[in-house]
Amino acid sequence: MPPVLSDLELTKRLLLAAGIGAMLGLEREWRMKPAGLRTNILIAVGSALFTLMSHDLVAAIPGADPSRIAAQIVTGIGFLGAGAILRTDSSVQGLTTAATVWVNAALGVTVGGGEYHLAAIGTVVTLAALLLLHPIEVALDRRVRAYRNRRATDHPTDA
């Protein structure tokens, strides 16, 4: 039977999950993306709550598997993230938002499981990917577009 967590420990885990969700949500708000501050906080806290509850439920049922709830979080969040993806004739939008939602849920599960060190590392890596790689993506996109435009004017196709 797993040890019962104190109210202080439960509060600490939920507040940490909310803080991580807030950090990711602020980045999404700053970029004016649809899944922002509140959404990311709710996803992280909800994932942490499900994880905490899975341990309580397992304690009451011999032979129960706490990982089953975590597996359902992955599936459910994948469905939620899919709703953020929009496909148009020429592009796909919302993939980074969907991926952020998915990673956010994983971080919530990590905090709910008490793996603070792993959650901190995961948060830093995620924020680095969102904040530091964006300017590189923009610069690469600009170069590729310029190259394509130059090729189109140098070698027009016969229609």
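The table below lists the values:
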{"item": "Helices (runs of 4 or more DSSP H) lying entirely in the stretch 1-120 (those with 2 or more residues that are more than 27 Å from HIS134 (Cα to Cα))", "result": "7-30, 37-60, 67-82"}
{"item": "Number of the condition not met by ASP65 [criteria: (1) under 24 Å from SER6 (Cα atoms); (2) in contact (Cβ under 8 Å) with a residue 12 or more places away in the chain]", "result": "(2)"}
{"item": "Within the stretch 6-53, considering residues that are of a type in the set (Val, Ile, Thr) and over 19 Å from THR96 (Cβ atoms), the one nearest to the chain's Cα centre (by Cα)", "result": "VAL45"}
{"item": "Hey, VAL144 among the β-branched types (Val, Ile, Thr), surrounded by 10 or more Cβ atoms within 10 Å (Cβ to Cβ), over 30 Å from ALA48 (Cα atoms) and without any contact (Cβ under 8 Å) to a residue 40 or more places away in the chain or not", "result": "yes"}
{"item": "Count of residues meeting criterion [more than 9 Å from the chain's Cα centre (by Cα) and of a type in the set (A, V, I, L, M)] in the stretch 78-116", "result": "9"}
{"item": "Of residues in the stretch 119-132 being surrounded by 14 or more Cβ atoms within 10 Å (Cβ to Cβ) and not polar (S, T, N, Q), the one nearest to PRO3 (Cα to Cα)", "result": "ALA119"}
{"item": "Test: ALA22 is of a type outside the set (Val, Ile, Thr) and touching a residue at least 40 places away in the same chain (Cβ under 8 Å)", "result": "no"}
{"item": "Residue list for the stretch 9-25, filter: aliphatic (A, V, I, L, M) and buried (at least 24 other Cβ atoms within 10 Å of the Cβ)", "result": "ALA17, ILE20, LEU24"}
{"item": "The stretch 50-72, subset surrounded by fewer than 17 Cβ atoms within 10 Å (Cβ to Cβ) and aliphatic (A, V, I, L, M), residue modelled with the highest pLDDT", "result": "MET53"}
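The values are calculated or read from the model by the stated rules, or taken from the named source; none is laboratory data. Computed from a prediction, not measured in an experiment: that's the story for all the values here. Heads up, the Cβs are rebuilt from the backbone with ideal geometry, glycines too, and the neighbour counts pull from every protein chain shown.
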